[in-house]
Every structure is written in structure tokens, then in C-alpha cells.
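A.B. asks: Before we start, here is the structure in question, set down as C-alpha cells.
The values are calculated or read from the model by the stated rules, or taken from the named source; none is laboratory data. Just so it is clear, the structure is predicted and the values come from calculations on it, not from any experiment. Cβ sites come from the backbone with ideal geometry, for glycine too, and all protein chains shown count toward neighbours.
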Amino acid sequence: MFDWFPQNISTFGGDIDSVFWLIFYIVGAGFILGEAVIIYCAIRYRRKAGRRAAFITGEKMSELAWVMVPAAIVLILDFGIEFAGGEAWSKVKGETPASDIKVIVTGKQFNWNFTYPGPDGTFGTDDDLLLENELHVPVRKVVDITIKSEDVLHSFFVPVMRLKQDAIPGRSIPAWFEATATGQYEIGCAELCGYGHYTMRGFLFVHTAEDYAKWIQERWPPAAPSADSTNVVQL
Ligand SMILES: [Cu+2]
């Protein structure tokens with residue numbers, strides 16, 4: 001109907017959007033119905049000379065029903081949304097599909113730091129690469145990310161990937177995405193994290209497989225051959 005979502009280049013973007021639409025239609029219908037009842041009652045029971053206002057205690061079942069019935073309907077619809085969205089939820093938040101592209105995302109006041117494990121494929125070693133506000137990934141590949149925070153609550157938000165996940169100090173939260181189109185896209189922080197919150201802006205660069213390989217080559221020139229060079233992990 002409308003097209004007001006950001007561009008969608010996520011393999012699970014359609015699932016997320018359909019949950020948004022489901023909630024939108026349910027809440028939209030409830031809003032229209034609720035407003036209609038209010039407007040009808042405001043006109044129908046408006047002040048008239050000689051008519052006294054009623055004092056309603058809400059003790060009769062017929063009066064209580066005005067609260068209980070809508071509450072029950074909201075509860076049923078809630079369960080309906082949970083049920084309908086369960087599949088999307090488990091796909092996005094469940095197990096990360098196997099991937100050899102791993103990045104640690106660290107939020108800090110006021111940057112997104114992206115750590116790549118380097119040619120050895122292991123984090124916490126000398127060849128790790130740390131980039132500020134730049135996340136480079138290949139198209140059509142699962143990217144396995146771990147979200148951390150160095151200081152306060154942040155929220156890693158990549159609108160085109162339909163990915164939003166809080167970064168919580170002391171926790172490593174897994175997430176993943178797979179881009180379906182190349183290009184440069186915005187990354188934001190969706191959790192008010194301090195006076196510089198609005199400057200916490202990064203970019204996601206989605207490359208073709210060839211460009212990504214080239215980028216990797218530039219970042220990690222082949223290491224000097226060492227005794228255990230057989231260990232080098234293919235990136
Ligand atoms: Cu932040």
C-alpha cells in the first residue's frame with residue numbers, strides 16, 4: 001500500500017517488514033474503531049438542556065465489559081502477533097547461520113568500532129584490524145557479528161538490513177545479516193547514549209565478492225611466511 005520503509009537489502013528484511021505491516025494494520029484498525037466510538041459518543045451524549053450527567057461506578061458487569069472486552073481483544077491480538085512473528089524472530093535472533101566472515105561490533109561514546117580477526121581468523125591477536133565507523137562486507141554472504149559496548153547502552157541499527165540490536169556493557173550479543181545488494185548504507189545508534197549520540201554514525205559498505213577480496217588484500221598484505229603459515233584461514 002504505502003512505501004515508507006527504508007530500502008530493504010536484507011535476506012530477512014521481508015519477514016521483518018511483514019511483522020511491521022501486521023502490527024500496523026491491527027493497531028490502525030483499533031485506532032479507527034476507537035476514535036469512531038469516541039466521536040459517536042461525544043455527539044450522541046453531548047450536553048443537552050435538562051439531561052443530567054450519569055454517575056457510573058463501573059460495578060455492573062455491563063459496565064465492566066467496556067474495560068474487560070477490549071483488554072481481552074488486545075491480549076488475543078498480542079498472542080496473534082507473537083505467533084505470526086515467531087518465525088521471523090527465530091530466523092533473525094536464533095542461531096547464526098555458518099559463516100567465515102566474523103566481525104566484532106563495539107559501541108562506545110561516540111563511535112562504532114568494527115574489529116576484523118585478520119588473516120589468522122582469530123580475534124585478540126596482533127593482526128586484528130580495527131576500523132572506526134566502517135563496516136565492509138561482501139554481498140550475498142552471511143556476516144556473523146558480535147555486538148558489544150565499551151561504556152553505556154547503545155543500539156546497533158542498520159535500517160537497510162532490518163537489524164537493530166542493543167549493545168550492552170559486559171555482554172557479547174550475537175547477530176547476523178546477509179546483504180542482497182552492493183552499495184553504501186547508513187549505520188546509526190538507536191539508543192540515546194549521551195550528548196554525542198547523534199554523531200554515532202557509521203557506514204556499511206557492501207562489496208561484490210571481487211571487490212571484497214581486493215579490499216581484504218589491501219588491508220592484510222600477505223603476512224611474512226612463518227612456520228605455521230598453513231594455519232592461515234581463507235577469508
Ligand atoms: Cu550510542
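A.B. asks: From 115, 125, which residue is farther than 17 Å from residue 172 by Cα and over 17 Å from the mean Cα position of the chain (by Cα)?
C.D. replies: Exactly one residue qualifies, and that residue is 125.
A.B. asks: Another question about this same structure. Looking at region 166-188, which of the residues that are under 18 Å from residue 16 (Cβ atoms) and free of Cβ contacts under 8 Å to residues at least 40 places away in the same chain is surrounded by the most Cβ atoms within 10 Å (Cβ to Cβ)?
C.D. replies: For region 166-188, the residue satisfying everything is 188.
A.B. asks: Step by step: first the residues of region 101-159, then only those that are more than 16 Å from the ligand (Cβ to nearest atom) and small (Gly, Ala, Ser), then the one that is nearest to residue 220 (Cα to Cα). Which residue is that?
C.D. replies: Ranking the candidates gives 118 first.
A.B. asks: Please verify whether residue 76 is surrounded by fewer than 16 Cβ atoms within 10 Å (Cβ to Cβ), within 21 Å of the chain's Cα centre (by Cα), of a type in the set (Val, Ile, Thr) and not assigned by TED's automatic domain parsing to the domain that holds residue 163, treating the condition exactly as stated.
C.D. replies: no
A.B. asks: Tell me the residue from 235, 163 that is surrounded by 13 or more Cβ atoms within 10 Å (Cβ to Cβ) and modelled with pLDDT under 95, please.
C.D. replies: Result of the check over 235, 163: 235.
A.B. asks: If you scan region 119-130, which residues turn out to be within 20 Å of residue 204 (Cβ to Cβ) and in contact (Cβ under 8 Å) with a residue 60 or more places away in the chain?
C.D. replies: Passing the criteria: only 129.
A.B. asks: Being more than 8 Å from the ligand (Cβ to nearest atom), crowded, with 17+ Cβ neighbours inside 10 Å and not hydrophobic (A, V, I, L, M, F, W, C) is the filter here; which residues of region 189-207 pass it?
C.D. replies: 202, 207
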